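Worksheet: one structure, shown below.
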Amino acid sequence: MTILIKGVQILSGGERIAEKSDIFLSGDRISAIGNFPAKIADYVIDGQGCYVSPGFIDVNTDSDHYLSIFSNPLQDDFLKQGVTTIIGGQCGSSLAPLIYGRLDSIRKWTDITKFNISWHELVEFLEVIRHRPLGVNFGTLIGHSTLRRDIIGEEVRAMTTKELRVFEHLLVGAMDQGGFGMSTGLSYAHSTATPKEELERFAHAVEQKNGVYTTHLRDQEDGLLQSLEETTALAEKVGVRTVISHFLPIRGFEKNYKAALQKLSELPEKTELYFDLSPFLTSIIPLYLFLPPWARKGGLLEMKEALEDEWLQKKIQKEIPAIDPNSIIISRAEKNDLLVGRSLKDCMEMYDTEDVRIAFVKLMLATELKASVFYENINADLLTEAIGHPRCLIGSNAASLSKTAEVILKPERARRTFPKFLSMVEEKRIMPIEKAIERITKKPALLFNIEHRGEIKEGFFADLTGFRNGEILFTIVNGHVAFENHEVQSRPHGKVLRHRVAKL
């Protein structure tokens, strides 16, 4: 199939082509760029002077965590906002490799009892995806917690020398099969006590394979600067390309965040350390993360047992942070669908108490901690400052969910991360539009070593996005129109992406 896109302003590689141009697509590639008044194509798009950029690359997504890459293969929420490539396997949890075929590491996001696994190795998982195509291109990191829990179970301890060798062997093997690197979720219960030496060893293995290390920091509040120092030291010592996941300015800890941004600004240019965020003021947080640190030990069962202990429950209740009950909205509650959409204030009324902490504990018990909440806890001014930081990338940290999935509230960032980013850039004059496009196309393509994507060049894959005034007009994936005129096409055309050891 051939497509001719006429009369558009091209934004690519941090530059803008001033005059209007045409783009000719043949098959899944960009065939020619110029002015083609006489060219004939199977399909013609009249761009009417709109911007056209490479398809956006979302560096932090959760569609694998929610299993919606299976339940919603079109991934329409991404296509509607111009995204053509997503990176999964974030925050220490991936869908492969799975030694025993268990999905325990993603149960904080979804009900894993409803899905059967037919793979163990990463190469097998990628083949499953390839035969059940997605609407967008998909690449994955290897989840540190996923592998670690398969090797040592639910224990929270350092791995033995033999276990470290087994992990490293599996990690390297998975990267050889196409994994883009390794992710950690260091604030989650099973990973928070992971020794620095272990992280350094595995980061070195990732660097040797030219991969990327992404990390959900141990602490983004009181211990933010110490957590940042740990990650910075690792990135500088090992030389691994590093991304801090959803690095957001939490209210009450603004001083720490400002100091962290300054430290990032002072890093040597050669240090490839970045952070990603979404341009919204609400976080999605597993309910158990509101427990005091000492109560976040082991798995959900152990945490639940602590909550049920009369003496420990009172101690937990006292240590739950002071929270505006209107700022908490339940987004997901496994097997408690009627709670979804209710605020913590609603729960106070439902549980007949005026004490927000009592209501919070009762909610934890009612859901057995198998719930997530929206929490409006982000500082708006610092968020804008962070978006303008040269080490900032954009990631929705969201999934594209089907309408028939379990009852889950869909956050705004799942639908509008990239249009919102572009609108903020122009309205607040954070940076030139061409530099903003580079942030969400060329830069992540180079960082993750995604070949022949992220720029508009002849011979590159035909992943393209057309937009005007922050509105996405069309999205093209691998030479096929996937979204146009506010409608998503019914046939998916995304491809499985595999990591290449050689640098671009």
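The values are calculated or read from the model by the stated rules, or taken from the named source; none is laboratory data. It should be emphasised that the depicted structure is a prediction, and the values quoted were computed from it without experimental measurement. Positions of Cβ are generated from backbone atoms using ideal geometry, with glycine treated the same way; all protein chains shown enter the neighbour counts. Heavy atoms of the whole protein, side chains included, go into the accessibility calculation; ligands, DNA and RNA do not. Shrake-Rupley method; radii C 1.70, N 1.55, O 1.52, S 1.80 Å.
Collect the residues in the stretch 62-81 that are in contact with a Gly (Cβ under 9 Å, 6 or more places away or on another chain) and assigned to a loop (DSSP other than H, G, I, E, B), keeping them in residue-number order.
Asp62, Ser63, Asp64, His65, Asn72, Pro73, Leu74, Gln75 - these are the residues of the stretch 62-81 that are in contact with a Gly (Cβ under 9 Å, 6 or more places away or on another chain) and assigned to a loop (DSSP other than H, G, I, E, B).
Before we move on, is Leu300 in contact with a Gly (Cβ under 8 Å, 6 or more places away or on another chain) and of a type outside the set (Phe, Trp, Tyr)?
In short, no.
Can you pull out the residues in the stretch 399-433 that are in contact with an Asp or Glu (Cβ under 6 Å, 6 or more places away or on another chain) and outside any loop (DSSP other than H, G, I, E, B)?
Matches in the stretch 399-433: Ala414, Arg415.
Whether any residue in the stretch 269-281 is modelled with pLDDT of 95 or more and part of a helix (DSSP H, G or I) is what I want to check.
Looking for residues that are modelled with pLDDT of 95 or more and part of a helix (DSSP H, G or I), one finds none in the stretch 269-281, hence no.
Scanning the stretch 469-491 for residues that are open to solvent by less than 30 Å² (accessible area, probe 1.4 Å) and part of a loop (DSSP other than H, G, I, E, B), which turns out nearest to Phe24 (Cα to Cα)?
Checking each candidate, the answer is Gly479.
Those residues that are out of contact with any Leu (no Cβ under 6 Å at 6 or more places or on another chain), open to solvent by 50 Å² or more (accessible area, probe 1.4 Å), closer than 20 Å to Lys410 by Cα and not in a loop (DSSP other than H, G, I, E, B), I need them from the stretch 346-389; list them, please.
Of everything in the stretch 346-389, just one residue is out of contact with any Leu (no Cβ under 6 Å at 6 or more places or on another chain), open to solvent by 50 Å² or more (accessible area, probe 1.4 Å), closer than 20 Å to Lys410 by Cα and not in a loop (DSSP other than H, G, I, E, B), namely Asp346.
Can you tell which of Asp28, Asp104, Asp64 is at pLDDT 95 or above, within 22 Å of Glu334 (Cβ to Cβ) and of a type in the set (D, E, K, R)?
After ruling out the rest, the residue left standing is Asp64.
Do the conditions hold for Gly466, that is, is it in contact (Cβ under 8 Å) with a residue 24 or more places away in the chain, touching a helix residue (DSSP H, G or I) at 6+ places or on another chain (Cβ under 6 Å), within 11 Å of Ser53 (Cα to Cα) and open to solvent by less than 10 Å² (accessible area, probe 1.4 Å)?
Considered against the rule, which asks whether it is in contact (Cβ under 8 Å) with a residue 24 or more places away in the chain, touching a helix residue (DSSP H, G or I) at 6+ places or on another chain (Cβ under 6 Å), within 11 Å of Ser53 (Cα to Cα) and open to solvent by less than 10 Å² (accessible area, probe 1.4 Å), Gly466 comes out as no.
Checking Pro444 against (1) out of contact with any Pro (no Cβ under 7 Å at 6 or more places or on another chain); (2) surrounded by fewer than 24 Cβ atoms within 10 Å (Cβ to Cβ): exactly one of these is not met. Which one?
(2)
From the list Thr215, Thr192, which residue is surrounded by fewer than 17 Cβ atoms within 10 Å (Cβ to Cβ), within 24 Å of Arg107 (Cα to Cα) and among the hydroxyl-bearing types (Ser, Thr, Tyr)?
Exactly one residue qualifies, and that residue is Thr192.
Can you list residue pairs whose Cβ atoms sit under 8 Å apart, with the first residue in the stretch 126-138 being in a loop (DSSP other than H, G, I, E, B) and crowded, with 16+ Cβ neighbours inside 10 Å and the second being modelled with pLDDT of 95 or more and hydroxyl-bearing (Ser, Thr, Tyr)? Count only pairs 6 or more apart in sequence or on different chains.
Close Cβ pairs (under 8 Å, with a partner that is modelled with pLDDT of 95 or more and hydroxyl-bearing (Ser, Thr, Tyr)) amount to Val136/Thr84; Val136/Thr85.
Taking the conditions exactly as written (farther than 26 Å from Gly49 by Cα, open to solvent by 10 Å² or more (accessible area, probe 1.4 Å), without any contact (Cβ under 8 Å) to a residue 40 or more places away in the chain and within 21 Å of the chain's Cα centre (by Cα)), does Lys403 satisfy them or not?
Yes; evaluated as a whole, the condition is true for this residue.
Does the stretch 273-289 contain any residue that is of a type outside the set (Asp, Glu) and without any contact (Cβ under 8 Å) to a residue 40 or more places away in the chain?
No: the stretch 273-289 contains no residue that is of a type outside the set (Asp, Glu) and without any contact (Cβ under 8 Å) to a residue 40 or more places away in the chain.
Out of all the residues in the stretch 218-226, is one or more among the hydrophobic types (A, V, I, L, M, F, W, C), touching a strand residue (DSSP E or B) at 6+ places or on another chain (Cβ under 8 Å) and not in a loop (DSSP other than H, G, I, E, B)?
The answer is no, given that none of the residues of the stretch 218-226 is among the hydrophobic types (A, V, I, L, M, F, W, C), touching a strand residue (DSSP E or B) at 6+ places or on another chain (Cβ under 8 Å) and not in a loop (DSSP other than H, G, I, E, B).
Got a number for residues in the stretch 32-68 being farther than 16 Å from Lys442 by Cβ, aromatic (Phe, Trp, Tyr) and touching a residue at least 60 places away in the same chain (Cβ under 8 Å)?
Qualifying residue count for the region: 2.
Can you say whether Lys318 is open to solvent by 20 Å² or more (accessible area, probe 1.4 Å), touching an Asp or Glu at 6+ places or on another chain (Cβ under 8 Å) and either part of a helix (DSSP H, G or I) or farther than 25 Å from Ala398 by Cα (or both), as far as the supplied structure shows?
Judged against the criteria, Lys318 is not a match.
Regarding Leu74, is this residue touching a strand residue (DSSP E or B) at 6+ places or on another chain (Cβ under 8 Å), open to solvent by 40 Å² or more (accessible area, probe 1.4 Å) and under 30 Å from Met175 (Cα atoms)?
Criteria met by Leu74.
How about the stretch 193-230: which of its residues are farther than 16 Å from Val243 by Cα, touching a Lys or Arg at 6+ places or on another chain (Cβ under 9 Å) and of a type in the set (S, T, N, Q)?
Within the stretch 193-230, Thr194, Gln226 qualify.
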